[in-house]
Amino acid sequence: MKRVLILWIPILLSLLLMAGCSSTPTGDQAGAEVSEQSTGADGSAAGASTSAASQGGEWQGDPLENPNSLLATRVIYFDFDQSTVRSEYLDVIQAHADYLAANPQAVVRLEGHADEKGTREYNLGLGENRANSVRSLMLAQGVSDNQLVVVSYGEERPAAFEHNEESWALNRRVELIY
Amino acid sequence: MKKFLFSLILFFTWQPALFAELTIEITEGVEGALPIAVVPFSWQGKGAPPVDIAEVISADLQRSGRFKSLPREDMLARPTSVDLVEFKDWRALGIENLVIGQVQAHGAGGYQIQFQLLDVFRGEQLTGYSIPTTAPNLRNTAHRIADLIYEKLLGVPGAFATRVAYITSTKLADGETSIKLKIADADGYNPETIVTSTEPLLSPAWSPDGQKIAYVSFEGGQSAIYVQGVYTGTRQKVTSFKGINGAPAWSPDGRKLALTLSKGGNPDIYVYDLATRNLKTITRHYAIDTEPAWSPDGRSIVFTSDRGGRPQIYRVSAHGGKAQRVTFQNSYNARASFSPDGKLLTLVTREEGKYRIAVQDLESGVMQVLSQGSLDESPSFAPNGSMVIYASKTGYRGVLAAVSVDGRVRQRLALQEGDVREPVWSPFKN
């Protein structure tokens, strides 16, 4: 059972990323439905549920649910022992910052993660630095501090479970959870 | 080095209430381990003896790697008192020390255990005790006898009558992960769960009196430090500041916790007074400062910091002030802690891309890598300083391993199921 999961997670992840689907890698943290009317309290990640996004066509719902927008990217990956955001993600962060600035009641939880290499508590620090890097960029783009919640899980919640570079690359990440 | 494999499956079918969750395997032992024979103890009471005391003692001594226990089937005789011992027969087998004893039922639920440690070559007693005990404490009494034998023959106390705390992680059928903080005897018996969560648990730390464990829990979606009574089950939340609440470490007097908080914007070391709840800042640096550990004299704290660009170990006064870098070998050194005598640090180091357990002599600065894995972490000294227990990975599983501080004795401790990590050895029991 575990082996099956382990084999599937990286494959699913890469498929999801390629398709630009709105789901995040770990099912229990999937993005909450945040509509224009929702309050800040509703925007927290607790008890989140995922709804399927329709494929293609004209998009008429919440911009967060648009699978063709940059907002659909909810995971930002990092290099080993680094917390600097790679340039390829700057547009994604800009898009989320624009959304948050336009929707001041929306709250995003920035969950920082690390790979399993090295020690657990140091990795908590590293995960937090990564989440703070994303936070700083968003603040610089006009997002209000109270719209951003930073939590680091270090290496405690891996998205991929193999002990190799592919898995480690998938685990060095910040997840954006609305 | 002569390698030998002993698989000690410590499982007594006639003892269903007590079982070993961890299987301990000695993967490498010492050449010149002391040959010893622990003769089955005589039993005076009704039915079968409740615990095979001699077997527990024999397994403990064998597991330390410092002794080579004679298998029972190789014993020519099984004397249970000195007048029945034929010393020349044991000499012929190359046995240097012999342990004999008796177990008697003694009152309601009580037992009296008598044992003698004999020097085979001199034909005389080295030590002997008569110890009263009770059914639930029989294994512990056997571990204490092993401690006495170890100390008499090697000159340092044994650490068999101690416990180990560790974290397990098991995937549940519904996709959730069950994370548990457990404690077990040092031989893997009597595992007990003291915390269960679906959110991460990490960094367990024993209080110096062995009565409490501090740990980090993410229940509620963010980290908090708790202190829990091991034998009471009650707990208190110590800190739950915004950001990281991590890496609790008890001061040697048990009154304070050094810990990591990122409430100031990035992880720094603080000291929290458990009685006054006063929080004192020890480090203030934009780098990651974490994983504090106290020196045994309580005067200084070592911690991990990447202030120089890469994680290295630094040392600072327990009152704060300027930190001095301690580690210079290798580009990654983290999670240091002191040996009980304060002379060594054990830590995680990266060598040729592999994360391994090392010890560093504080006076000479010389580092010796002890472990052989590629993702080893969480080293913790035994309270007698003889071994370091740590977490390792084999395949998809996290396993526990232990290595002697000279790197000559290796043990692997495998959990029956799931993933096990973050072992911490308890202090000596009072």
> What is the residue count in the stretch A:103-135 for residues that are more than 11 Å from every other protein chain (Cβ to nearest Cβ) and among the polar types (S, T, N, Q)?
Replying inline: 3
>> Take the conditions within 17 Å of B:VAL348 (Cβ to Cβ), of a type outside the set (Asp, Glu) and in contact (Cβ under 8 Å) with a residue 12 or more places away in the chain and apply them to B:GLY407. Does it pass?
In response: yes
>> Being at pLDDT 95 or above, in contact with a helix residue (DSSP H, G or I) (Cβ under 7 Å, 6 or more places away or on another chain) and either among the aliphatic types (A, V, I, L, M) or in a helix (DSSP H, G or I) (or both) is the requirement here; does B:LEU153 meet it?
In response: no
> A:TYR89 is checked against (1) in a loop (DSSP other than H, G, I, E, B); (2) out of contact with any helix residue (DSSP H, G or I) (no Cβ under 6 Å at 6 or more places or on another chain); (3) more than 14 Å from chain B (Cβ to nearest Cβ) and fails just one. What number does that condition carry?
Replying inline: (1)
> Can you name the residue in the stretch B:355-379 that is within 13 Å of B:LEU344 (Cβ to Cβ) and outside any loop (DSSP other than H, G, I, E, B) and is also farthest from the other protein chains (Cβ to nearest Cβ) among such residues?
Replying inline: B:ASP361
> Which of the residues spanning the stretch B:107-134 are under 33 Å from the mean Cα position of the chain (by Cα) and either of a type in the set (S, T, N, Q) or not in a strand (DSSP E or B) (or both)?
Replying inline: B:GLY109, B:GLN112, B:GLN114, B:GLN116, B:VAL120, B:GLN125, B:THR127, B:SER130, B:THR133, B:THR134
>> For the structure I just gave you, tell me whether A:SER136 is modelled with pLDDT of 95 or more and either surrounded by fewer than 24 Cβ atoms within 10 Å (Cβ to Cβ) or assigned to a loop (DSSP other than H, G, I, E, B) (or both).
In response: yes
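For (1) in contact (Cβ under 8 Å) with a residue 24 or more places away in the chain; (2) small (Gly, Ala, Ser); (3) farther than 19 Å from B:ARG408 by Cα, each residue gets a yes or a no:
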position: B:PHE328; (1), (2), (3): yes, no, yes
position: B:ASN333; (1), (2), (3): yes, no, yes
position: B:LEU347; (1), (2), (3): yes, no, no
position: B:GLY353; (1), (2), (3): no, yes, yes
position: B:ARG356; (1), (2), (3): no, no, no
position: B:GLU363; (1), (2), (3): no, no, yes
position: B:VAL366; (1), (2), (3): no, no, no
position: B:LEU370; (1), (2), (3): yes, no, no
> Can you spot a residue in the stretch B:62-70 that is farther than 22 Å from B:GLY188 by Cβ and either modelled with pLDDT under 95 or touching a Ser or Thr at 6+ places or on another chain (Cβ under 9 Å) (or both)?
Replying inline: yes
> Just one of the numbered conditions (1) out of contact with any Asp or Glu (no Cβ under 6 Å at 6 or more places or on another chain); (2) within 13 Å of chain A (Cβ to nearest Cβ); (3) over 22 Å from B:SER300 (Cβ atoms); (4) not in a loop (DSSP other than H, G, I, E, B) is not true of B:ILE389; which one?
Replying inline: (2)
> In the stretch B:82-106, what residues are surrounded by fewer than 17 Cβ atoms within 10 Å (Cβ to Cβ) and over 34 Å from the mean Cα position of the chain (by Cα)?
Replying inline: B:VAL82, B:ASP83, B:LEU84, B:GLU86, B:LYS88, B:ASP89, B:ARG91, B:ALA92
> Quick one: which of B:THR283, B:THR327, B:THR349 is surrounded by 14 or more Cβ atoms within 10 Å (Cβ to Cβ), under 14 Å from A:TYR122 (Cα atoms) and of a type outside the set (D, E, K, R)?
Replying inline: B:THR349
>> Which residue is nearest to B:GLU55 (Cα to Cα), if the candidates are limited to the stretch B:165-196 and must be away from chain A (no Cβ under 14 Å) and among the hydroxyl-bearing types (Ser, Thr, Tyr)?
In response: B:TYR189
> Could you list, in sequence order, the residues of the stretch B:225-251 that are closer than 21 Å to B:SER378 by Cα and either more than 12 Å from every other protein chain (Cβ to nearest Cβ) or not in a strand (DSSP E or B) (or both)?
Replying inline: B:TYR226, B:VAL227, B:GLN228, B:VAL230, B:ILE244, B:TRP250, B:SER251
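The values are calculated or read from the model by the stated rules, or taken from the named source; none is laboratory data. Being a predicted model, the structure only gives us computed values, none of them experimental. A quick note on method: Cβ atoms are made from the backbone with ideal geometry, for glycine too, and the neighbour counts reach across all protein chains shown.
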